[in-house]
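Working notes for the structure below.
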Amino acid sequence: MRTKLPIKMGEFILEYVGEVVSDKEFKERMASRYMRDTHHYCLHLDGGLVIDGHRMGGDGKQTNGAFCHSPTSPNHTSHNLALG
């Protein structure tokens, strides 16, 4: 992923939207509901939770790992916000 404009440190980039479910629930969905799908959109959170962006979500679901130059030195961080 690239940008034409510089991104300042600490600046909001985009949001990852989806249903928050347990890791177990997401694995069950992968084995049944999403079994024939070729693309899977999820973001694993701490505490055994997953944001399932498969059926909903914005541009964030297209970026899984795209911001990281390498697994050992990412150039972004994630922050969890619960709304609603």
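Pairs only if they're at least six apart or on different chains, beta carbon under 8 angstrom, first in the stretch 28-44 and under 11 Å from His54 (Cα atoms) and hydroxyl-bearing (Ser, Thr, Tyr), second assigned to a loop (DSSP other than H, G, I, E, B) and at pLDDT below 90; list them, first residue then second. Every condition considered, the pairs that remain are Tyr34/His40; Tyr34/His54; Tyr41/Gly18; Tyr41/Gly53; Tyr41/His54; Tyr41/Gly57; Tyr41/Asn64.
Of the residues making up the stretch 19-46, just one is within 14 Å of Met56 (Cα to Cα), at pLDDT 85 or above and assigned to a loop (DSSP other than H, G, I, E, B), namely Tyr34.
The values are calculated or read from the model by the stated rules, or taken from the named source; none is laboratory data. Remember, it's a predicted structure, so these values are computed and weren't measured experimentally. All Cβ positions, even for glycine, are placed from backbone atoms using ideal geometry, and neighbour counts span all protein chains on display.
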